[in-house]
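The values are calculated or read from the model by the stated rules, or taken from the named source; none is laboratory data. Values in this document were obtained by computation on a predicted structure and should not be read as measured data. Please note: Cβ atoms are built from the backbone with ideal geometry, for glycine as well, and neighbour counts cover all protein chains shown. Please note that ligands, DNA and RNA were not included when accessible areas were found on the heavy atoms of the full protein model with its side chains. Shrake-Rupley method; radii C 1.70, N 1.55, O 1.52, S 1.80 Å.
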Amino acid sequence: MADSKELRQRAEAARDKVAAIGADLDMSQYEHQAETHQALAEDELCTLPAVDQQNLLLSGVDVSGKDRGGTFIMKDASPLHCSSHQDGVEVLPLKKALEVHPWLWDYYWKLVDVDADKYTAAVELDLHDGYMIRALPGAKAIHPIQACLYMDQDNIQQNVHNIIIAEEGAELHIISGCATGPHLNKGLHVGVSEFFIKKNAKLSFTMIHNWSEGVAVRPRSVATVDEGGLYLSNYVCMRPVNNLQMYPTCHLNGPNAVGRFYSILVGSPTTDIDAGGRVILNHPGCRAEVVSRAITNGGKIMARGHLVGKAPGIKAHLECRGLILGGGAMLAAPYLDGFVDGVEMSHEAAVGKIAQEEINYLMARGLSEDEATATIVRGFLSVDIPGLPPQLQAEIDKAINATDEHAM
């Protein structure tokens, strides 16, 4: 069980610790105190302002709850709504979950180090809230759970901690949408997420971020996958964001465990993105894939990927591809580390531009130059994600189709 006093002491010691990678931020410029918001019943979510509902929808969160198995919405520092409609799937605000489930303390800060850097320390020292989503043993979720972290108060620092558990033999799908209100000019989102995928369980976690140009984002995520389990992480960020730095890690800790990261990134002229994924393969038969597609039209994007093979008979592949459309910088940093005989790992990375002959080909068939470019961009961003439920693929496709003005 986590010792709360020890955690706080470690966080205090790391209050000013700079992250190992990514741009440093002055956290003192943000407000830590947030306005409180009254919780809403499910049928009251439709009373949210239309612009808020639209921003949530662009991040994959539908307040109507249609084709969703449950909903969690947090506005600034307040859980706004929490519900589940699927047998065997529990959704709770994290603070409440820690009160009603003492066993949850065994999962709290188990994977992410509380003193990893000043961002993890801030989450422990000034936690607003977050969510716990748990699929019970053998539960098979029919519809995805939607979870939204919404920032509306200007200049707020939102501190969030999430714990997601797929028990043995369970199957769970989550859409995590992050968005900002129309009047927010500046803010910082700091989020810690810990994922536990037990034996033969499956978890797909799709993040669709709809931030604004003045927001900085610091997610800190770690997953562990037991024997025969599957962790599928999809990250989509195609709207302007000021500064994003994330490097989630997945530990494959049982034979035949599988971990996959897929990222789709679009950088605007004011954007600085440093994103990637790391998979550590610890047992024979493990499989991993890290794939990123990135486009910049003036901003800076660093696409990272890291595969670590620690057991014979593992297979892993890393792929980073980027397009520069209107200036900016695109960097790819693939890393492969093999520590034993019998590992099989590969990588490919490419940075380039749209070929003029491709544009000419489509223009010869009746498209304008802008239409031809948009068609190529959508095709480049489209990634075939094995094992992704059709509902989640539809949400990603919807986000890609809405990116034209931001990608070009």
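When you look at residue 115, is it surrounded by fewer than 20 Cβ atoms within 10 Å (Cβ to Cβ) and free of Cβ contacts under 8 Å to residues at least 60 places away in the same chain, yes or no? When the stated conditions are applied, residue 115 does not pass them. Exactly one residue out of 212, 193 is among the small types (Gly, Ala, Ser), farther than 25 Å from residue 109 by Cα and in contact with a strand residue (DSSP E or B) (Cβ under 6 Å, 6 or more places away or on another chain): that is 212. For region 284-293, the criterion of being modelled with pLDDT of 95 or more and over 22 Å from residue 171 (Cα atoms) is met by at least one residue. Taking the criterion of being at pLDDT 95 or above, open to solvent by 80 Å² or more (accessible area, probe 1.4 Å) and not acidic (Asp, Glu), the residues of region 82-99 that qualify are 95, 96. Checked against the criteria, residue 96 counts as without any contact (Cβ under 8 Å) to a residue 40 or more places away in the chain and within 19 Å of residue 194 (Cβ to Cβ).
Note on region 308-348: residues that are touching a helix residue (DSSP H, G or I) at 6+ places or on another chain (Cβ under 9 Å) and open to solvent by 50 Å² or more (accessible area, probe 1.4 Å) total 2.
Residues of region 25-48 that are under 30 Å from residue 300 (Cβ atoms) and at pLDDT 90 or above: 25, 26, 27, 28, 29, 30, 31. Inspection of region 187-207 identifies no residue that is open to solvent by 10 Å² or more (accessible area, probe 1.4 Å) and among the β-branched types (Val, Ile, Thr).
Would you call residue 114 among the aliphatic types (A, V, I, L, M) and within 23 Å of the chain's Cα centre (by Cα)? The answer is yes for residue 114. Within region 102-138, the residues that satisfy the criterion of being more than 28 Å from residue 87 (Cα to Cα), aliphatic (A, V, I, L, M) and in a loop (DSSP other than H, G, I, E, B) are 112, 114, 116, 127. Residues in region 1-60 that are outside any helix (DSSP H, G or I), out of contact with any Asp or Glu (no Cβ under 8 Å at 6 or more places or on another chain), open to solvent by 70 Å² or more (accessible area, probe 1.4 Å) and under 20 Å from residue 242 (Cβ atoms): 24, 26, 31.
The number of residues in region 269-291 that are open to solvent by 10 Å² or more (accessible area, probe 1.4 Å) and polar (S, T, N, Q) comes to 2. Among the residues making up region 118-156, a single one is open to solvent by 30 Å² or more (accessible area, probe 1.4 Å), under 27 Å from residue 68 (Cα atoms) and among the acidic types (Asp, Glu): 152. Considered as a group, the residues in region 293-307 that are under 19 Å from the mean Cα position of the chain (by Cα) and open to solvent by less than 10 Å² (accessible area, probe 1.4 Å) include one that is farthest from residue 324 (Cα to Cα), and that residue is 307. May I ask you to verify whether residue 214 is farther than 30 Å from residue 344 by Cα and buried (at least 23 other Cβ atoms within 10 Å of the Cβ)? Considered against the rule, which asks whether it is farther than 30 Å from residue 344 by Cα and buried (at least 23 other Cβ atoms within 10 Å of the Cβ), residue 214 comes out as no.
From the list 241, 266, the one residue that fits, being modelled with pLDDT under 95, over 26 Å from residue 69 (Cβ atoms), out of contact with any helix residue (DSSP H, G or I) (no Cβ under 9 Å at 6 or more places or on another chain) and crowded, with 23+ Cβ neighbours inside 10 Å, is 241. All conditions but one from (1) open to solvent by 20 Å² or more (accessible area, probe 1.4 Å); (2) assigned to a helix (DSSP H, G or I) apply to residue 68; the one that does not is (2).
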